[in-house]
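Readers should treat all values here as calculations from the given coordinates under stated rules, not as data from a laboratory. Since we're looking at a predicted model, the values are computed, not measured. So basically every Cβ, Gly included, is an ideal-geometry build from the backbone, and we count neighbours across all protein chains shown.
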Amino acid sequence: SSPVPGKLFGEIRSPNYPKPYPNNNISSWDIIVPKGYVVKLTFRYFDLEPSESCFYDYVKIKADKKNLGRYCGQLGSTTGNHPGRKKFISQGNRMHVEFHSDFSNEDNGTVIRYRGFLAYYQAVDLDECDPNNAAEDSEGPRCQHICHNYVGGYFCSCRPGYQLQSDRHSCKVECSSELYTEASGYLSSPEYPQPYPEDLRCNYSIRLEKGLSIILKFLKPFEIDDHQQVHCPYDQLKIQAQGREIGEFCGKESPGNIETKSNEVDILFLTDESGFSRGWKIHYTSEKIRCPQPVPLDQFTVIRDLQPVYRYQDYFIVTCKTGYNLMKGSQKLLSFTAVCQADGTWHQSMPRCEIVKCDNPTELTNGVFNYVNKPANNNYQSVIEYQCNEPYYHIVTRGGGGRFTCSPEGTWVDQAGQGRIPACLPVCGKPNRPVAEIQR
Amino acid sequence: ILGGKQANRGSFPWQALTGIHGRGGGALLGDRWILTAAHTILPKASGGNDISLDQLAEEANVFLGHTDVDELHKMGNHPVRRIFIHPDYNPKDEHNFNGDIALLELKHPVTLGPDVLPICLPDTTNNTFYMDGHMGYVSGFGVEKNFLSNHLKYVNLPAVSREKCQSWLDSKSRQMPMVFSENMFCAGFLTVKRDTCQGDSGSVFTVLDSGSGRWVATGVVSWGIGCAQGYGFYTKVLNYVDWIKGIIREDT
């Protein structure tokens with residue numbers, strides 16, 4: 001036998017061709033073409049002693065461990081098996097051709113000379129992706145997902161979300177670091193709504209701008225393997241928002257809508273090696289994060305232009321009703337503004353309004369003050385009245401009378417708004433017991 | 001006071017007892033001013049020029065609030081902050097008491113009450129208080145029958161017309177050539193033994209202003225030739241109201 005080196009084409013001839021082949025000759029050829037090709041063989045000339053079932057002289061062709069035929073005879077002969085223009089194509093890259101001649105070529109005592117054969121072979125690209133061309137030793141298709149043929153070979157690829165494995169054939173879901181940064185979108189379990197694959201370790205991360213709150217809306221169907229007694233023992237859909245556990249879900253009851261109050265959400269989907277549930281799909285949207293509605297701590301607090309909803313970067317201003325001071329702890333505030341922060345909290349807590357207290361009224365020399373209101377105190381709007389020690393002093397006011405009111409500014413002011421207290425001036429020339437002459 | 005009566009408490013609540021160069025009187029103005037006679041501070045021919053007013057203020061004693069001298073002393077002294085003497089007063093001229101008026105400023109205002117009350121100053125547009133025969137009252141702790149009184153006395157005296165005063169004074173001129181200026185008036189009697197006397201100096205001659213019902217100081221006990229031997233002479237407060245108010249207002 002003679003191996004034919006891995007060329008892309010060539011020819012093989014019977015011994016002595018084009019002269020008659022010798023008797024008692026056995027020749028064979030192993031045609032080998034590069035991998036990724038098949039062997040295509042055609043006979044250009046074929047002239048072998050015809051015999052019933054090609055018993056005497058013949059050419060036998062084998063490929064892929066299969067016998068492709070035993071051929072003999074002449075073109076047009078009634079006996080034998082002339083290959084004609086038949087194309088012999090291997091499934092692999094090898095083809096074996098054997099030539100046999102017996103001890104004689106006589107017909108009724110006449111020696112007849114047969115010239116043998118001339119065959120031409122060429123390497124033909126194998127479409128490995130054709131399911132009909134599956135390798136003999138393989139059980140399934142060459143590629144788990146998508147097969148791409150090229151001259152001399154093929155390669156596999158995977159559908160989106162899957163990754164070609166090291167065997168260059170199989171695809172596995174790659175969902176360990178899915179990142180979503182759009183303001184809204186969809187995410188789902190692999191193959192949804194078809195059953196999800198086994199052994200998943202999917203991690204979907206939604207990362208939006210600070211101050212946005214992600215809202216998750218679960219679509220139907222929602223189906224994750226579960227157990228009636230044990231909570232999510234097989235497959236789990238875990239949702240976290242900035243490290244805060246929101247929930248672990250399975251079963252057929254959809255979680256519905258989840259307002260995460262976070263701009264960072266992680267969805268972890270873990271599956272075991274079995275199951276036939278259809279998975280889940282989430283439509284996520286986002287909105288500016290909400291802050292709690294501000295609530296006054298007391299009836300004297302005024303929230304300016306109160307809005308029905310406060311979101312990130314919104315703010316509100318607090319004032320007090322006239323006569324009340326803004327207080328935070330023991331500290332008096334000149335103003336108060338609270339801003340809604342990215343985490344949905346107010347950057348400072350609500351102050352309270354405390355009634356304005358005036359200092360103790362200034363003592364009046366040679367006079368007194370009395371509280372007009374009851375109970376007597378120095379709170380806003382309290383009224384005092386100054387009086388002089390009559391009849392020895394008389395009161396002199398600054399134009400606003402002797403009544404003073406505790407003002408919103410925390411000072412005692414008269415009716416003219418002035419803070420100077422009256423004065424008690426001496427009364428002259430009014431003795432208690434003036435001299436009186438009774439005797440005339 | 002000669003020929004007078006013992007004053008009840010509350011009748012002359014403005015009356016001050018002073019002790020500077022001896023007993024004198026004064027009247028409370030407002031709650032921290034004492035109106036008195038300049039010569040109680042700088043007596044005539046006393047050579048007191050050597051002592052400053054500040055020193056005199058430091059040494060001056062003022063008592064208020066009672067009719068009994070001992071009780072007054074018990075009640076305590078009202079220290080004097082400053083002394084204002086009218087610039088017309090000349091302590092070297094023994095025969096001229098023109099400008100015999102002064103103000104003592106107390107260090108601390110006094111608390112007014114039934115026994116301590118100020119006297120009013122006259123209205124500068126009203127000269128009727130000085131008309132002949134207009135009765136007034138003078139109180140004081142001065143000499144009575146050659147003894148200093150231990151109790152406040154008072155006497156009521158009529159104002160006397162300038163002509164009568166001058167005429168009487170002229171008759172005494174050989175004995176005592178005293179100056180009777182426009183800033184003085186005289187009051188009293190020629191024959192009736194009712195008069196002020198030594199120790200009453202600085203006390204005030206008061207009249208009741210019937211219009212306002214208030215007692216008004218029209219004069220300051222100043223000088224006289226003897227006691228109850230003719231008219232007594234008083235500094236005419238009306239002429240010094242502007243000076244007084246000027247000092248008090250400026251200080252206030």
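Footprinting exposure proxy ranking of A:359, B:31, A:102, fewest other C-beta atoms within 10 angstrom first, gives A:359, A:102, B:31.
Using all pairs of distinct alpha-carbon atoms, the Kirkwood hydrodynamic radius of the protein assembly as shown works out to 39.0 angstrom.
Toward the positive end of the charge dipole of chain A, with +1 on the Cβ of Lys and Arg and -1 on the Cβ of Asp and Glu, the farthest Cα among A:317, A:68, A:411 is that of A:411. Legend: distances between Cα atoms for B:44/B:245; B:92/B:145; A:40/A:86; pairs beyond 18 Å are B:44/B:245; B:92/B:145.
If you take the beta carbon distance between residue A:111 and residue A:150 as r and set R0 to 41 Å, what does 1/(1 + (r/R0)^6) give as a FRET efficiency, to the nearest 0.05? Once the sixth-power term is evaluated, E becomes 0.20. If R0 is 35 Å, the Cβ-Cβ spacing of residue B:145 and residue A:398 corresponds to a FRET efficiency of close to 0.05. Dipole check for region B:140-229: with +1 at the C-beta of Lys and Arg, -1 at the C-beta of Asp and Glu, and the Cα centre as origin, the magnitude is about 220 Debye. Taking a ≥ b ≥ c as the square roots of the eigenvalues of the Cα gyration tensor, an a/c ratio below 1.5 marks chain B as rounded.
Taken over region B:1-119, the percentage of Cα pairs per 10 Å bin, counting from 0 up to the bin with the maximum distance, is 14, 45, 31, 10. Between residue B:212 and residue A:16, the modelled label-to-label distance comes to 17.4 nm, taking each label 7 Å out from Cα in the direction of the beta carbon.
Rounded to the nearest 20, the Cβ-based charge dipole of region A:21-74 about its Cα centre (Lys and Arg +1, Asp and Glu -1) stands at 400 debye. Going from the residue with the fewest nearby Cβ atoms within 10 Å to the one with the most, A:316, B:185 rank A:316, B:185. Ratio of Rg to Rh for region B:80-213: 0.96 [Cα atoms; Kirkwood radius as inverse mean 1/r over pairs].
A full extension of the chain between residue A:203 and residue A:370 corresponds to an added length of 52.5 nm, given 0.36 nm per residue minus the alpha carbon distance. For the pair residue B:127 and residue B:225, a Förster radius of 30 Å applied to the C-beta separation gives a FRET efficiency near 0.70, rounded to the nearest 0.05. Name every cysteine in chain B that ends up alone, with no second cysteine's Cβ under 4.7 Å, or say none. If one checks each Cβ against the other cysteines of chain B, every cysteine finds a neighbour under 4.7 Å. For region B:1-61, the residue among B:10, B:29, B:60 whose Cα projects farthest onto the positive side of the dipole built from Cβ charges is B:10.
If the segment from residue A:436 to residue A:321 were pulled out straight at 0.36 nm per residue, it would be longer than the present Cα-Cα gap by 35.2 nm.
For the pair residue B:74 and residue B:134 in one chain, pulling the backbone fully straight at 0.36 nm per residue adds 17.9 nm over the alpha carbon distance.
Amide H contacts of residue B:209: B:214, B:215, B:216, each under 5 Å away and 5 or more positions distant or on a separate chain (H built 1.01 Å from N in the peptide plane; Pro and chain starts excluded). Across all directions, the average flat footprint of the convex hull enclosing the Cα atoms of region A:319-440 is 10.9 nm².
Please give the Cα centre distance for region B:98-116 versus region A:75-116, rounded to the nearest Å. Going from one Cα centre to the other spans 164 Å.
Have a look at B:38, B:137, B:125 and report the one farthest towards the positive end of the charge dipole of chain B, computed about the Cα centre with Cβ charges (Lys/Arg +1, Asp/Glu -1). Checked the options; the winner is B:137.
Averaging the Cα positions of each part gives two centres, and for region A:222-294 and region A:346-398 these lie 64 Å apart. Each of A:272, A:235 was scored by other Cβ atoms within 10 Å of its Cβ. Arranged with the fewest first, they read A:272, A:235. Dipole magnitude for region B:1-59: about 440 debye, using +1 per Lys or Arg Cβ and -1 per Asp or Glu Cβ, origin at the Cα centre.
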